[in-house]
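Take a look at the structure set out below.
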Amino acid sequence: MSYAPLDAARVAKAAQSALQALGQVKEASEAHQRKTIMVERIHALAVAAAETTLPGGQLVTLTSEEFWLISKNW
């Protein structure tokens with residue numbers, strides 16, 4: 001599994017876009033619900049990281065799977 005540190009503000013924006021796309025899909029399957037929850041989690045973590053003033057902040061580390069999940073909407 002690959003990991004990469006990314007700009008938290010960009011990740012938050014991409015996750016918000018992915019959430020909007022997922023919200024437009026009229027699907028109620030368990031897989032769709034799990035995707036939505038995972039993207040919501042990524043969004044919340046990215047927003048928190050983007051807002052931090054701590055040294056080394058403004059970065060969030062995603063796995064390749066998490067990146068793939070939100071990158072379809074960039």
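Laboratory data are not the source of any read-out in this text; all were calculated from the coordinates shown. This is a predicted model, so every value here is computed, not measured. Cβ sites come from the backbone with ideal geometry, for glycine too, and all protein chains shown count toward neighbours.
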Subset of the stretch 1-16, residues in contact with a helix residue (DSSP H, G or I) (Cβ under 8 Å, 6 or more places away or on another chain) and either small (Gly, Ala, Ser) or part of a helix (DSSP H, G or I) (or both), comes to Ser2, Ala4, Ala8, Ala9, Val11, Ala12, Ala14, Ala15, Gln16
Per the filter on the stretch 1-33, residues touching a residue at least 60 places away in the same chain (Cβ under 8 Å) and either among the aromatic types (Phe, Trp, Tyr) or over 14 Å from Phe67 (Cβ atoms) (or both) are Tyr3
So which of Thr63, Thr36 ends up being out of contact with any helix residue (DSSP H, G or I) (no Cβ under 6 Å at 6 or more places or on another chain), touching a residue at least 12 places away in the same chain (Cβ under 8 Å) and of a type in the set (Val, Ile, Thr)?
-> Thr63
Of all residues in the stretch 26-51, how many are surrounded by 13 or more Cβ atoms within 10 Å (Cβ to Cβ) and either charged (D, E, K, R) or closer than 18 Å to Asp7 by Cβ (or both)?
-> 11
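Here's the yes/no breakdown for (1) among the β-branched types (Val, Ile, Thr); (2) under 14 Å from the mean Cα position of the chain (by Cα):
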{"position": "Gln20", "(1), (2)": "no, yes"}
{"position": "Gly23", "(1), (2)": "no, no"}
{"position": "Ala28", "(1), (2)": "no, no"}
{"position": "Arg34", "(1), (2)": "no, yes"}
{"position": "Glu40", "(1), (2)": "no, yes"}
{"position": "Leu45", "(1), (2)": "no, yes"}
{"position": "Ala49", "(1), (2)": "no, yes"}
{"position": "Thr52", "(1), (2)": "yes, no"}
{"position": "Leu59", "(1), (2)": "no, yes"}
Residues (at negative phi and either assigned to a loop (DSSP other than H, G, I, E, B) or aromatic (Phe, Trp, Tyr) (or both)) located in the stretch 45-74 = Thr52, Thr53, Leu54, Pro55, Gly57, Phe67, Trp68, Lys72, Asn73, Trp74
